[in-house]
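Below: the structure, in structure tokens.
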């Protein structure tokens, strides 16, 4: 695992160096490499496919404009995730001031997800209704978290990132990451408790 990470950093360093030298194809390779993970991060924070696609374009545009200033003090992956997280949190702050999200908006995207459709199709209609309701409750609970807490839950629980990496991205200590996760998990648990007890 450590060898793979080291190889990835060497490959990233080469692509970054080529991009800094004016090779746009090298940056295209970085975009292809990191788009799926960034899409997951941003979508799980926004719960909206259109916003996610728009944000990804803005994130990669900012990364491209800023890449000459990248000095390799952290991995490219960490640097890129920091840009993505900060831009998404800023977007969410602006959106919460100007836009009230309905649960239909939150739930709409998941119903077109092939994995979700496969998981909920079949003869057991009660199971399907319960899964839809659980997804709706989970989306609702996630949206009640602060942007910072939602970011930590997304990176740790959904993307499987370690505490140290999340701390680097958010610019805080591992202890802060752990306490935010503890608080967020407790909030999610409280919100879902009624549904899960039924």
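Rg/Rh for the range 1-100 (Cα atoms only, Rh after Kirkwood) is 1.01. Here each label is just a point 7 Å from Cα along the line to Cβ, and for residue 65 and residue 96 those points are 2.5 nm apart. When you count the other C-beta atoms within 10 angstrom of each residue and take the mean per peptide, 42-51, 57-66 line up highest first as 42-51, 57-66. Modelled spin-label separation between residue 25 and residue 11, with each label point placed 7 Å from Cα along the Cα-to-Cβ direction: 1.7 nm. Does the range 38-81 come out rounded, prolate or oblate by the C-alpha gyration tensor, with a ≥ b ≥ c the root eigenvalues, rounded set by a/c under 1.5 and, if not, prolate when a/b is larger than b/c and oblate if not? Since a/c reaches 1.5 but b/c is at least a/b, the shape of the range 38-81 is classed as oblate. The packing ranking, built from the mean of other Cβ atoms within 10 Å per residue, places the peptides 184-190, 77-83 in the order 77-83, 184-190, highest first. By the beta-carbon count within 10 Å of each Cβ, the least crowded to most crowded order of 180, 73, fewest first, is 73, 180.
All of the numbers you see were taken from the coordinates with simple rules; none came from a lab. Note that the coordinates shown come from a computational prediction; the quantities given were computed from them, not determined experimentally. Virtual Cβ from ideal backbone geometry, glycine too; neighbours counted across all protein chains shown.
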